[in-house]
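Values quoted throughout were computed directly from the atomic coordinates according to the rules given, and no laboratory measurement underlies them. Everything numeric in this text was worked out from a predicted model, so none of it was measured. Here the Cβ positions follow ideal geometry from the backbone for every residue, glycine too, while neighbour counts run over all protein chains shown.
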Amino acid sequence: MERIAVVGVGQTNYERSKEDTFEDMVFEAATKAISDAGGEIGDIDNIVTVSNDFWDGRTISSMAIQDAAGSWGKDISTVEGDGTFGALYGMMRILSGSFDTTLVVSHIKGSEGVMNLITNAMFDPIYQRSLGIDATSSAALQARSYMEMSGAREEDFALVSVKNHGNAFNNPYAQLPMKISLGDVMASRKISEPLKLLDCSPISDGAAAIILANERGIKRFKKAPAWIQGVGHCADSFNLGYRDLARSRALKGASLKAYQMAGIADPLREIDVMELYDAYSYMELMWYEGLGLAPEGKGASLIRAGVTAMDGELPVNPSGGVLSSHPVLVAGLARLIEATLQVRGEAGRRQINGAKKALAHGINGPCGQAHCVFIISV
Amino acid sequence: MTDWKDDVKNIVCPGRIKVPYTWSVGETGSRFFVALRDNQEIWGIKCRACGKVYVYPVKTCPECFIQTEEWVKVEDTGTLESFTIVHYSHSMHPFKAPLVYGLVKLDGADGALLHLIGNVKAEQLKTGMRVKAVFAEERKGSIMDIKCFAPA
Amino acid sequence: MGKRTAIVGFGQTFQKSARKDVNGVELINEAVTTALADAGLSIRDIDAIVIGNMDHFEGVNYVDMWSAEGSGAVMKPVMKVTTGGTTGSTVATCAYYHVASGMVDKVLAIGWEKNSESDTTGAIITAFNPIWERPNIGGAIAGLALEASVYMANYGITERDGARVTVRERLHALNNPYAHLHQDWMKGKPINKLVDLTVSSEQNKMLASPLRMSDMCPRTDGAAAVVFASEDVAEKIAPIPAWVHATANRHNYVFIGDVDMEQNTTLASASKKVFEKARIKEPLKEIDVCELYLPYSYAGLKWIEDIGFCGYGEGPKLLWDGVTDMDGELPINPSGGVMSSNPIGATGLIRVGEAALQIMGRAGDRQVKKDVNFALTTGFGGCFWADVMLLGKEKPL
């Protein structure tokens, strides 16, 4: 299989409420990516946009931004799912032999809608929706399941929040850099027990874009390529009551595929840095386990030992993660962008020294139903 | 002299998507709801291959990917597998916070049903506790025909 | 280079105005099990799933997640793609690229819609920009009415010309047990008489001039699934796989006010790209059958000009000369087309599946009699967006 690289990246700042329109944000992210790559719009062979009709309040949400994404006269498609899924599709379109380069761009304005109603709409209209369940209350059910299985406590979840909000100070794009203590998290307002305010990610606006290219395509650009070594994508079942919420078998499936493709046997040792989708604090601990970094139920021990801190053996979320900025859908693409910046050595104050191989992770659906994992290196 | 355009404050255009829906419950789901409405009974459906009993019922077993056929009445009592106390309110909630969601594994079912937990104090809530269905007085053939699950 | 990819199976539900006996997930499952049976595969053989519909028609967010148990996506990669009316063709294209990439061998493409569950126009209006167009636009029909008006003014096209397309689609549908509209009263009547009856009927109300009810497509509940397989396995699965020779799309426009109403430029350029890739020089001669996404009658006259089957203004001649009927040189929509059945998220995918059946020689009563080497499919939606896919009997070079 031919090699595919990320050759350009661009992100807007992530903010609680932007005055920019969807088009403004997409244009900003796309042009930043093209400029980062050192090319121009003519170098882009085809486009994959990533957006969601409910979040945008528009059926055919892609229609709003086709022109801002540079679609004129080009093949274009739209994935409605996490940005990492869009990146995977963009990669496939190149591998098919039809194109040498793909621009993948995603946008969201969480501020323009009502998150609880939008995520309530992902539940079954007949059996679940009228209960009022949403992303946060369902995540809380998962958090408790995980606590029951693992013995992890709210204090362990809080450590994730402290780490990630602290890391965000080094990320100029991040929305919520915060110097907080474990006590601050524990004392924060109860949202849906056991989740408190500082266990939850914020509402965010923003856009992000990447340019993918094969060996032929990278020649159009000036930036050194960061090669995708492995990718895996997998979904669990939907009905919460019939899923093992405490264990993420879909992440296990996705990561095993990615590791196999990349020839990785010991991720904890062989990968230098990871960007994971921590929509809620407890999720990061669950994802450690799904990724095989810690045995089942032992995710908390990793963070307690400082393994995933900035100066630890395997820093996780030097960008501040999703807890610090949660532009839904965009956040997965942002993880891939952060991973790319790390291996390029371009991550500024959040750079992990000597990082050459990174992992990026995105999720979709209630309680992290589906997962996509990328491994990237120079 | 300032240009009038520089002083323009950005406008926000409010709106709402008001599309009414009439979701087809389907034959399988309709049987489930009619049993709730008319008999205050909870029925599940069983897969002949793996033997799993599904509540709410599904027409195809997700594990075996074959049609389910056998209807099985399950108990109205069960075990609380997980719960959360919600402290915020939005328009889809059936009533104002605090409210409690739970995953209830009914006796006879092989997985849990998502529903409200009621008539309970916060301190009482524990995973593993026994709960029992409380049916609504006015039942219309919907998931809300079960009002909530309460401590058994 | 990628893998050559073929269609090896197709399944669809019987399309009806309302399927109250099943919920959305169950409808999807029906199409999936039918497609798998058609291909002689089990769900375990499928490596990945692609699914699409138009969100606001069913009001379910993250449909790929919600339907996982019914689509067979549990513990597989599953992706949702959605682009309005073109969703079905977008799904087909996405599944094609999945297989062509070489990353997976067998992919299930699913398109579905339960239009009975919502107010179609109310949902479609939300496609348009809420600030600039939504307050003024009249749903899907507005743009089409504008195009028809321009076309009629430019070339002297008449109501009878439009009705000739409707009559063809509905006559073809009589051979298709899966189609939504079966107008049995049309059986056995001469075409001219049917056109007269359509145009003169008082019940045939004007919707948005010049478009009357007979010019429009229905809204339908239905699901379809197509199995795409790589060259490494396709010939072991299907005796005659339908190979994907080329695909291209253009979604140029964002505002309906910007659309060129005189020429369907997106369809023209996407078709041109496909013909170039497949080295088709004379489309009318070299293409054997078409399943074109014609959401309204005049498209059946005009868009065949945009594709390049004939010159501008010559569409009606092709229709009236019988070129596009079942025994003509270029049969169009043997299935009855979108005007006979329109489960929106599935519609574009059904075009691809029906074209595949024609190549495989398995279209039953709606099989064209001539030898089918190339079948062209199109998708339409959004703001005059166009998707084009060419299928062929021979493995591409």
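Highest mobility in the GNM of chain C, judged by mean-square fluctuation with C-alpha springs under 10 Å and restricted to C:324, C:13, C:121, is found for C:121.
Cα centroids of the range C:211-276 and the range A:243-278: 37 Å apart. Relative to the longest principal axis of the Cα atoms of chain C, the long axis of helix C:191-200 makes an angle of roughly 70 degrees. The loop-placed chymotrypsin sites (Phe, Trp or Tyr not before Pro) in the range B:49-152, going by DSSP, that have at most 11 neighbouring Cβ atoms within 10 Å of their Cβ come out as B:95. Seen from residue A:331, the other residues with C-beta closer than 11 Å to its C-beta sum to a net charge of -3, counting Lys and Arg as +1 and Asp and Glu as -1. The GluC sites (Glu not before Pro) of the range C:223-327 that meet both conditions, a loop assignment by DSSP and at most 16 other Cβ atoms within 10 Å of the site Cβ, are C:262, C:314. Which entries in C:16/C:114; C:189/C:369; B:96/B:147; C:236/C:393 show an alpha-carbon gap greater than 20 Å? Pairs exceeding the cut-off: C:189/C:369. Averaging the sequence gap over all C-alpha pairs within less than 8 Å and six or more residues apart, then dividing by the number of residues, gives the range C:95-200 a relative contact order of 15 percent.
By the beta-carbon count within 10 Å of each Cβ, the least crowded to most crowded order of A:216, C:19, fewest first, is A:216, C:19. For the range C:156-218, GluC sites (Glu not before Pro) are listed when DSSP marks them as loop and at most 15 other Cβ atoms sit within 10 Å of their Cβ; the list is C:202. The charge dipole of the protein assembly as shown, taken about its Cα centre with unit charges on the Cβ of Lys, Arg, Asp and Glu (plus for the first two, minus for the last two), comes to roughly 880 debye.
Extents of the range B:24-151, largest first, come to 41, 30, 25 Å (Cα atoms, principal axes, whole angstrom). Database remark: amide H of residue A:8 closer than 5 angstrom to the amide H of A:211 (H placed geometrically; neighbours at sequence offset of 5 or more, or on other chains; Pro and chain starts carry no H).
From least to most packed, judged by other beta carbons within 10 angstrom and beginning with the fewest, A:233, C:180, B:90 follow the order B:90, C:180, A:233.
Taking the DSSP beta bridges with both ends in the protein assembly as shown, the antiparallel portion is around 80 percent.
Hey, could you get me the Stokes-Einstein D for chain C, Kirkwood radius over alpha-carbon pairs, 37 °C and 0.692 mPa s, rounded to whole µm² s⁻¹?
After rounding, the answer is 159 µm²/s.
For the range C:103-178 versus the range A:107-148, the inter-centroid distance based on Cα atoms is 34 Å.
In sequence order, the range C:78-86 has phi-based couplings of 9, 9, 9, 10, 7, 9, x, x, 6 Hz under the Karplus curve 6.51 cos²θ - 1.76 cosθ + 1.60, θ = phi - 60°, and Gly or Pro positions carry x.
Here the Karplus relation 6.51 cos²θ - 1.76 cosθ + 1.60, evaluated at θ = phi - 60°, turns the backbone of the range A:220-234 into coupling constants of 6, 10, 9, 6, 5, x, 10, 7, 7, 8, x, 8, x, 9, 7 Hz, with x for every Gly and Pro. Sequence-distant contacts, meaning Cα pairs under 8 Å at least 6 residues apart, place the relative contact order of chain A at 25 percent. Positive contributions from Lys and Arg (+1) and negative ones from Asp and Glu (-1), summed over other residues with Cβ under 15 Å from the Cβ of residue B:76, come out at +2.
Over 24 Å apart: what share of the alpha carbon pairs of the range C:1-99 falls there, rounded to a whole percent?
19
Dipole orientation for the protein assembly as shown: of the candidates A:78, A:145, C:312, A:145 has the Cα lying most toward the positive pole (charges on Cβ; Lys, Arg +1; Asp, Glu -1). Cross-link partners of residue C:370 among aspartates and glutamates, defined as those whose alpha carbon lies under 14 angstrom from its own and excluding same-chain residues fewer than eight positions apart: C:286, C:288, C:325, C:327, C:329. Rounded to the nearest 10 degrees, the inclination of helix C:344-360 to the longest alpha-carbon principal axis of chain C is 80 degrees. Of the beta bridges in the range C:259-397, as assigned by DSSP with both residues counted there, near 65 percent are antiparallel.
Legend: distances between Cα atoms for A:18/C:272; C:272/C:395; C:20/C:277; B:46/B:126; A:223/A:298; pairs beyond 32 Å are A:18/C:272; C:20/C:277; A:223/A:298. Note on the range B:24-151: dipole from Cβ charges, positive end direction compared against B:30, B:66, B:79; the farthest Cα belongs to B:79. Taking amide H as placed 1.01 Å from N in the peptide plane, residue A:196 has its amide H under 5 Å from the amide H of A:191, each at least 5 places away in sequence or on another chain.
In a shell of Cβ-Cβ distance under 13 Å around residue B:17, excluding residue B:17 itself, what net charge do Lys and Arg (+1) and Asp and Glu (-1) give? Kindly include the intermediate steps, with their values, before the conclusion.
Numbers: positive: A:58, B:16, B:18, C:134; negative: A:53, A:56, A:112, C:55, C:119.
With Lys, Arg at +1 and Asp, Glu at -1, the neighbours total -1.
Could you tell me how far the Cα centroid of the range C:1-75 sits from the Cα centroid of the range A:28-84, in Å? The range A:28-84 and the range C:1-75 have Cα centres spaced 26 Å from each other.
Nearest 20 debye, what's the magnitude of the dipole of chain B about its Cα centre given +1 on Lys and Arg Cβ and -1 on Asp and Glu Cβ?
About 140 debye.
Normalised by the number of residues in the range B:24-151, the mean separation of alpha-carbon contacts (under 8 Å, six or more apart) gives a relative contact order of 23 percent.
Cβ crowding within 10 Å ranks C:30, C:113, A:2, C:354 as A:2, C:30, C:354, C:113, fewest other Cβ atoms first. Note on the range A:61-177: with charges restricted to the Cβ of Lys and Arg (+1) and Asp and Glu (-1), its dipole about the Cα centre is near 80 debye. To test your reading of the geometry: what angle, between 0 and 90 degrees and rounded to tens, separates the Cα axis of helix B:26-39 from the longest principal axis of chain B? It works out to around 70 degrees.
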